[in-house]
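Contents: one structure, followed by commentary.
The values are calculated or read from the model by the stated rules, or taken from the named source; none is laboratory data. A quick note: this is a predicted structure, and the numbers were derived from the prediction, not measured. With ideal geometry, Cβ positions are generated from the backbone for all residues, glycine too; neighbour counts draw on all protein chains shown.
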Amino acid sequence: MSVQMLSVSIRPLLPVIVLLVTGMMVLFMDAFGAEGRESHYGYLGLAGLAIAGWLAFKMWGTHSLSFAHTLITDKLSIITSLIYFLIAGLTILFSPGYLRQEERNLAEYYALILFAVVGLVFMTSAQHLVLFFVGLEVLSISLYALAGFVRQRDLCNEAALKYLFLGGFASAILLMGMAFIYSVTGSLYFQDVARYVIHSHPSVALLLGIVLVLVGFFFKVSAAPFHAWAPDVYGGAPAPVAGFMATAAKVAVFGVMLRFLGMAVYPLKVHWIAVVTVVSVASMVIGNFAALRQDNIKRLLAYSSIAHAGYALVGVAAASRQGGAAVLFYMLAYSLMNLGAFGVVSLVGRKGERYVKISDYAGLAAKHPVLAAAMAICFFSLAGVPGTAGFMGKFYVFASGVRAGQIPLVVIAVLNSAVAAYYYLRVVYMMYMEEPKEEYVFTIHPAAVIALVIIVIGIFQLGLIPGGVLSASYSSFAWFMS
């Protein structure tokens, strides 16, 4: 009987255990193995992610609470975990060539990515705010190290320090919000908070706690006005790491945000919808208009990510099951096109990331037509061109806003999408219409080609045949209190 109970309780953690064991194997094999085989550990990491993904997929359709009801296994936790595994796998594929040219091809890089994914899984599987915070800190510590991984570059060191200090400050605000919620409700379980909210009149302390927790969420998704760290950190971090930071953390925090708002404090939606709406508008306006002035492509993508956080918040403000499904679909689409863009940046930038100005992309199509085509597809998708994942993502998010009566917010979002098209198409124009200013001399690692092929297929798959993913996303929010 005890063995059976152990096997049942440990099953939800099997993907996490696989990732932890794989990460430790990478570190031990590097410590006691032969030198010069560091890139092989990346492929070991890919194998670990594939096994973890298979184990997670096998649990699809199950719904269980474990470990004192702090960990939930449901469709939302499983589908977000699969997205994390995909993001981490693509990041690893982009990394060997980049790390080799930077002379930082160290095995601990791959271990840190695997440990970051462990934190991500705990975040969206949490039914208790403390477990969410533990997962967040596991993720954050890994990202602090990854942001400064190329330590011979001053910008990398600056990015790591800024992210460390500002991330610590945001975590303190988040903890303060959790303390206020606990002081009022006596619990940090989502279900207990929900019961208190349903049967009690909201106090000022509870509302303040919710706002502070939301501030912590907004910082982690780089939503305005808590966005100031993103351009410097994304601009200074290694390009593959910047892509990982800009996508995986956003998916996790939006998943937790939807679970917290839709499960724990849904009856107070009049209050939190107002906060989300204001932040959504600020993110779209500040992100898009700041991106118009950028000549550094990494900073442009950073401000773009701020704007995309604003678009996704339209679905959160819808406060509905349809809105939650749209946000999840949008996060998958956003992850693919952003990873592809940062992947191309890592290739074109070359050693030291010296070529990251938009003007450095002049004539890229003439010299590397396939690479330019992949970049163009990612930017068309970011702009929301029909037939791509970005268009369908925006369509579903905006449709959920319209259905919820958020017409002014959707109008602002559509207008901002039109503004964003300019700076995305500006890069495409530079690649196809301008003459090359110099020779493009760089080596494309075969793993990076595989990653770009997967991304391009994914962008068109979600753009032309979105039904399967959207249906899975919708079924993940059957618990939404709408």
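Within this structure, Met337 passes the test of being in a helix (DSSP H, G or I), surrounded by 21 or more Cβ atoms within 10 Å (Cβ to Cβ) and touching a Leu at 6+ places or on another chain (Cβ under 6 Å). Quick check on segment 375-420: of everything there that is touching a Gly at 6+ places or on another chain (Cβ under 8 Å) and on the phi > 0 side of the Ramachandran plot, which residue is surrounded by the most Cβ atoms within 10 Å (Cβ to Cβ)? The selected residue is Gly384.
Going by what's in this entry, would Gly48 be described as in a helix (DSSP H, G or I), at pLDDT below 90, surrounded by 16 or more Cβ atoms within 10 Å (Cβ to Cβ) and not basic (Lys, Arg)? No. If you check Val356, Val414, Val397 for being closer than 30 Å to Cys156 by Cα and not charged (D, E, K, R), only one passes: Val356. When the test is whether a residue is surrounded by fewer than 24 Cβ atoms within 10 Å (Cβ to Cβ) and of a type in the set (Ser, Thr, Tyr), Ser304 does not pass it. Could you tell me whether segment 343-352 includes any residue that is surrounded by fewer than 17 Cβ atoms within 10 Å (Cβ to Cβ) and either polar (S, T, N, Q) or over 30 Å from Gln152 (Cβ atoms) (or both)? No, because not a single residue in segment 343-352 is surrounded by fewer than 17 Cβ atoms within 10 Å (Cβ to Cβ) and either polar (S, T, N, Q) or over 30 Å from Gln152 (Cβ atoms) (or both).
Looking only at residues that are in a helix (DSSP H, G or I) and at pLDDT below 85 in segment 350-379, which one is farthest from Gly148 (Cα to Cα)? Taking the candidates together, the pick is Lys351. Scanning segment 439-451 for residues that are in contact with a Gly (Cβ under 9 Å, 6 or more places away or on another chain) and not polar (S, T, N, Q), we see that the one that is nearest to Gly352 (Cα to Cα) is Phe442. Applying the criterion of at least 2 residues that are of a type in the set (D, E, K, R) and over 21 Å from the mean Cα position of the chain (by Cα) to the helices (runs of 4 or more DSSP H) found wholly in segment 94-201 leaves 154-185, 190-199.
If you go through segment 421-441 and pick out every residue that is assigned to a loop (DSSP other than H, G, I, E, B) and buried (at least 17 other Cβ atoms within 10 Å of the Cβ), you end up with 1. Consider segment 380-401 and keep the residues that are part of a helix (DSSP H, G or I) and hydroxyl-bearing (Ser, Thr, Tyr). The one that is farthest from Ile455 (Cα to Cα) is Ser400.
When the helices (runs of 4 or more DSSP H) confined to segment 239-323 are screened for residues that are out of contact with any Leu (no Cβ under 9 Å at 6 or more places or on another chain) and within 30 Å of Val204 (Cα to Cα), those reaching at least 3 such residues are found at 269-291, 297-317.
Can you name the number of the only condition in (1) of a type outside the set (Lys, Arg); (2) over 21 Å from the mean Cα position of the chain (by Cα); (3) surrounded by 14 or more Cβ atoms within 10 Å (Cβ to Cβ); (4) more than 27 Å from Ala472 (Cα to Cα) that Leu65 fails? Among (1) of a type outside the set (Lys, Arg); (2) over 21 Å from the mean Cα position of the chain (by Cα); (3) surrounded by 14 or more Cβ atoms within 10 Å (Cβ to Cβ); (4) more than 27 Å from Ala472 (Cα to Cα), the lone unmet condition for Leu65 is (4).
Going through (1) in contact with a strand residue (DSSP E or B) (Cβ under 9 Å, 6 or more places away or on another chain); (2) at pLDDT below 90; (3) of a type outside the set (Val, Ile, Thr) one by one, Phe28 falls short only on (1).
Restricting attention to segment 191-218, the residues that are crowded, with 24+ Cβ neighbours inside 10 Å and over 20 Å from Val279 (Cα atoms) total 1. Taking the numbered list (1) aliphatic (A, V, I, L, M); (2) touching a residue at least 12 places away in the same chain (Cβ under 8 Å); (3) surrounded by fewer than 24 Cβ atoms within 10 Å (Cβ to Cβ) in turn, Ala252 passes all entries but (3). When we screen Thr62, Thr80, Thr91 for residues that are in a helix (DSSP H, G or I), polar (S, T, N, Q) and either free of Cβ contacts under 8 Å to residues at least 60 places away in the same chain or more than 16 Å from Val16 (Cβ to Cβ) (or both), the only hit is Thr91. Residues in segment 37-51 that are among the hydrophobic types (A, V, I, L, M, F, W, C) and either touching a residue at least 60 places away in the same chain (Cβ under 8 Å) or touching a strand residue (DSSP E or B) at 6+ places or on another chain (Cβ under 9 Å) (or both): Leu44, Leu49. Number of residues in segment 116-156 that are touching a residue at least 60 places away in the same chain (Cβ under 8 Å), surrounded by fewer than 19 Cβ atoms within 10 Å (Cβ to Cβ) and not aliphatic (A, V, I, L, M): the value is 1.
Checked against the criterion of being surrounded by 23 or more Cβ atoms within 10 Å (Cβ to Cβ), touching a Leu at 6+ places or on another chain (Cβ under 9 Å), touching a residue at least 60 places away in the same chain (Cβ under 8 Å) and in a helix (DSSP H, G or I), segment 219-227 has at least one qualifying residue.
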